[in-house]
Amino acid sequence: MKKMKCDICGCDLSNEEVHNLNGKTLCEDCHMEETHPVKVCNPLPVMAAKKMTNNNKDTEDCLNELQKTLYKYIVDNQKVTIKQLCNKFSLTEVNLNNQLAILRHLELIKGKKDGNNVEIVPF
Ligand SMILES: [Zn+2]
């Protein structure tokens, strides 16, 4: 019987441990890593990260630093008002609304009416 080796880590494999991927011979561990790449540095809180599908991960990558910071702040605080955000990040309301519109469009946050106030909450 031919001895199999994992193409990535080079460990010896018995027949039933072999996983094939794109013509490569992989052990179970490497196969897992190849098919489920883990992003090691995720700046978002676990709760938000859990909500992220693979698609949303790309979405998040196209946010600029300010939008990421705003989104993180909203997730951390669960609910904030426009005024709070303006003060906290020294933004004009127009500028802030533009940033929030993008986050809203990506379904990362949403506005919630509470009496006369509108609160911004994670989607
Ligand atoms: Zn391996």
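The amide H of GLU119, built 1.01 Å from its N in the peptide plane, has LYS112, LYS113, ASP114 as neighbours under 5 Å, considering only residues 5 or more places off or on other chains. Highest mean packing comes first when the peptides 93-103, 112-122 are listed by Cβ atoms within 10 Å, giving 93-103, 112-122. Placing a pseudo-label 7 Å from each Cα along the Cα-to-Cβ vector at GLU17 and VAL121 gives an inter-label distance of 5.0 nm.
Values quoted throughout were computed directly from the atomic coordinates according to the rules given, and no laboratory measurement underlies them. This structure is a prediction, so every number in the text was calculated from the model and none was measured. Every residue, glycine among them, receives a Cβ derived from its backbone with ideal geometry; neighbour counts consider all protein chains shown.
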